[in-house]
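Structure, as C-alpha cells:
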Amino acid sequence: MPPIPEAIRDQFTLLRARRVETQTSVMYVMLLLTTPTAAWAGSADLNWAIRYGMPALLAVLCVLGLAENAISRRRPLGLRRAQLMVDKTASVSGWVGVMCRIWAVINWFASPPEAHAAFAMIIAMGSLATAYCLSAIRFAAILNLVIGVVPISVLMLLSGRPAEVAAATSLVLATLILVRFILQGHALLVEMLQLQHQTRDLAHTDPLTGLANRRALDERIAYLLAKGEGALPFTLVLLDLDGFKPVNDRYGHAFGDRLLCGVADRLREVVGDDGLVVRQGGDEFAVLIPPGSRLIDTALAKRLLIALVRPHTIEEVPVFVGASVGEARWPADGRDAEALFDFADRMLYQAKAETRSERGFYPPPEAASARRG
C-alpha cells in the first residue's frame, strides 16, 4: 500500500472524511437493523448477557454513531477534524468488528451444526457490508474483512462438512474480490486528486517559463488581504524588461522565448522559496514577497536588477536586457489589490521615464491605469 503523495494528502484526507460522514450512516443503519434478528437467532444455551447483551450494545453504539454523524454534518470540516474523524472511525469499527466476531464464534460453538450457517451468514454479510461502507478508509475496510471473515471461514473449513467448506470457499473468494475493489477505488481516488492537482497547477502556471501566472498572483494577494487589518505587511514588485522588443524582432519569437525563460530563471534564483515569481504576460513579470519572508526588508528591486545585468547567451549570441521596476508595500502604498498595483505601476513608469529621459521619452500619465486594465 503506497503512501499518499504529499501534494494531495490534505485534499485526500478531506475527501475521505466527507465520504466517511455519508457512508458510516448507512453502515450504522444496516447494523442496527440486524441486531434484533441476531439476538433472536442466538443460541438458547448461552447466558442472556451474551445472547442479548452484545446485540443490544451494538444497537446502542449504532444509535450514538447516527446521532454523532447528524451533529458532525452541521459543523465545518477542517483538516484536523477530518483526520480525527477518519482515525476514530477506523478504531471504533475495528473494536465493533471484534465484538461481533466474538459473539458469532461463541454462538457457533454453543449451537448445533445445523445452525452454524446462520451465524456464518450474519457475520459474512455484516463484514462485507461494513467493509463496503468503509471503503474510503482502506485500512479500516480491509481490517474489518480480516476480523470478520477469517475466524468464521477457518471454522467452516475445519468443520469437514462439504456444505460449510463450499460456503467458506465462496466467502473467501467474495472477500478477495471486495479487497480488490477497495484497492482499485483507492487508486482511482488518488489518481483523480492528482489529476485535479495537475489541472490546478496548469491553470496557475505560465506554460512558457513555468512561473506562476497572473491568476495565481491575484489569488495569493486576495488570500493575504483576507486576513484583515491584523495581517503583516507584504511587498509587490512589478518588473518590465527594457530592450526585449528589439531582440525579439531581430532574432525571432523562439529566440525571445528562450530569453524570457532565462530571465525567469534568474528571478527565481534571487527570490528562491522566499516569494512568488510571476510572469504576467509578454515581458512583464512580478514578484510577491509574503509576510515573514527573509526578503521582506531587503533591497529586492536592486537585487533583481543586478541579476539581469549579466548578458544572456542564447545560441552563442550574447544578449543584454535591462528592466524597470516598481515596488509597492501593503498597507502603506495601497489598502487593496487595485491600489497596490496602481502604485507599483506608477513607480515602474517613473523608473522607465528616468532611464529613457536622455532620449526625450516620457510615457503618458494614463499608461499605468491602462496596464492594470
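The values are calculated or read from the model by the stated rules, or taken from the named source; none is laboratory data. Keep in mind that this is a model prediction, so the values were computed, not measured. All Cβ positions, glycine included, derive from the backbone under ideal geometry; neighbour counts span all protein chains shown. In case anyone asks, the SASA skips ligands and DNA or RNA and just uses the protein heavy atoms, side chains included. Shrake-Rupley method; radii C 1.70, N 1.55, O 1.52, S 1.80 Å.
Just a few scattered comments:
- The stretch 242-258 versus the stretch 59-90: alpha-carbon centroid distance in Å: 59
- Taking GluC sites (Glu not before Pro) across the stretch 6-98, none is in a DSSP loop with at most 11 further Cβ atoms lying within 10 angstrom of its Cβ.
- Between Ala337, Ala7, Ser111, the Cα set farthest toward the positive side of the dipole of the chain (charges on each charged residue's Cβ, about the Cα centre) is that of Ser111.
- Filtered trypsin sites (Lys or Arg not before Pro), the stretch 55-138: DSSP coil and at most 16 other beta carbons within 10 Å: Arg73, Arg74
- Per residue accessible area in Å² of the chain, where ligands, DNA and RNA are left out and the probe is 1.4 Å: 54
- A simple charge model with +1 on the Cβ of Lys and Arg, -1 on the Cβ of Asp and Glu and nothing else charged puts the dipole of the chain at about 860 debye relative to its Cα centre.
- Across the stretch 90-188, C-alpha contacts under 8 Å between residues 6 or more apart give a mean separation that, scaled by the residue count, equals a relative contact order of 29 percent.
- Vicinal HN-Hα couplings computed from phi for the stretch 13-22 (Karplus, 6.51 cos²θ - 1.76 cosθ + 1.60; Hz; Gly/Pro x): 4, 5, 5, 5, 5, 5, 5, 4, 4, 7
- Qualifying aspartates and glutamates (Cα of each under 15 Å from Cα of Lys88; at least 8 residues distant if same chain): Glu21, Glu68
- Accessible surface of the chain, 1.4 Å probe, proportion on carbon and sulfur as whole %: 63
- Whole-angstrom gap from the stretch 288-352 to the stretch 10-29, using each part's C-alpha centre: 47
- The stretch 143-231, dipole about Cα centre (Lys/Arg Cβ +1, Asp/Glu Cβ -1), debye to the nearest 20: 120
- Leading residue at positive end of dipole, the chain (Cβ point charges), from Leu134, Gly252, Pro76: Leu134
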